[in-house]
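To keep things clear, I will list the structure first and then write my remarks on it.
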Amino acid sequence: MPRVDVHQHAWPDALVEELRRRSRTPRIVDDRLLLDGEPAFALAPDDGVLDGLDDRRTLDAADGIDLALLALSSPLGIETLAPDEAAPLLAAWHGTAADLGPGHGLWAAVGLVEPDLDALRATLSEPAVRGLQVPATALLDPTALERLAPVLAVVEAAGRPVLVHPGPAPAAPTADLPGWWPALTSYTAQLTSAWFAWHVAGRALLPDLRVCFVALAGLAPLHHERLAARGGLLGAIDRHVYYDTSSYGPRAVDAVVRVVGVDPLVHGSDRPYAEPRDPGLGEAFSHSLFVSNPHHLLNGGTR
């Protein structure tokens, strides 16, 4: 079985050109990505953001990664644009699938204002597409999750997993915040809310759907003691919920393992914004993290 990185990002040329054509956010102007809720981000040619797929494959191979799954950057807010605005951007993203070699797979994306479920079914049937990415902002509470359920049900019926990724950060009140601010505040809060919404309402609606929360779900599982103190209950470990390790190291990974165990953890790097990391918790743990757990996330079966 391959060693897998379930969470990377890529910027195909077609997507970059579509973002350059836009007159409002999200847009690219003079190689600067402009979003409402984040500082302008410079797309420098030497930081890996605009690397081609061959360049990325070389990096992954050097790190021992056999299969890397590429995700659209949900903080761009493409999924929640009006359908006529979202369509060319999503088409540019899904067009990447035709260029992928055996070392890459793709997380699909879907417009959430008026979801085209038939188009989603067709996209999920493509060999290079391994599941659907959704922004955490689309399931911040049980009511929102219920609205999203018809989209998620298509993924469940296809036997594919869902990747829950941070969505757009709210508009910043000041331009003086450091560049990492959204990733440590809005992103983690979104993931925590989405994780609680899933445990309150998601599994009852979608009993067989496999779900992976990036970045250890913003460390949401570590709130289990506070949840109990406030009258809630974590309940049994959900065998179809997974957590990628992107941007976290051995302390956070070890803490989450103490709550949910080893089996739900999968390796995700968030490359090019972060680098692959083995938390160094032993050979057996590394095999689970990079090989067997991602296999179960992507393919199902008993773990």
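Structure above, values below:
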item	result
Residue 93 being in contact (Cβ under 8 Å) with a residue 60 or more places away in the chain, buried (at least 17 other Cβ atoms within 10 Å of the Cβ), of a type in the set (Phe, Trp, Tyr) and on the phi < 0 side of the Ramachandran plot	yes
Of residues in region 232-256 being over 20 Å from the mean Cα position of the chain (by Cα) and either surrounded by 20 or more Cβ atoms within 10 Å (Cβ to Cβ) or closer than 20 Å to residue 202 by Cβ (or both), the one modelled with the highest pLDDT	237
Only one of 60, 13 that is at pLDDT below 95 and within 24 Å of residue 297 (Cα to Cα)	60
Long-range neighbours under 6 Å by Cβ, at least six apart or interchain, first residue farther than 17 Å from residue 294 by Cβ and in contact (Cβ under 8 Å) with a residue 60 or more places away in the chain within region 242-270, second surrounded by 22 or more Cβ atoms within 10 Å (Cβ to Cβ) and among the small types (Gly, Ala, Ser)	247/215
Unmet criterion (only one of (1) assigned to a helix (DSSP H, G or I); (2) in contact with a Leu (Cβ under 8 Å, 6 or more places away or on another chain)) for residue 157	(2)
Selection within region 1-60 - under 19 Å from the mean Cα position of the chain (by Cα) and of a type in the set (Val, Ile, Thr)	4, 6, 49
Residue list for region 205-217, restricted to those being surrounded by fewer than 23 Cβ atoms within 10 Å (Cβ to Cβ) and part of a helix (DSSP H, G or I)	205
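The values are calculated or read from the model by the stated rules, or taken from the named source; none is laboratory data. As the structure is a prediction and not an experimental result, all values here were calculated from the model. Glycine gets a Cβ as well: all are built from the backbone with ideal geometry, and neighbour counts include every protein chain shown.
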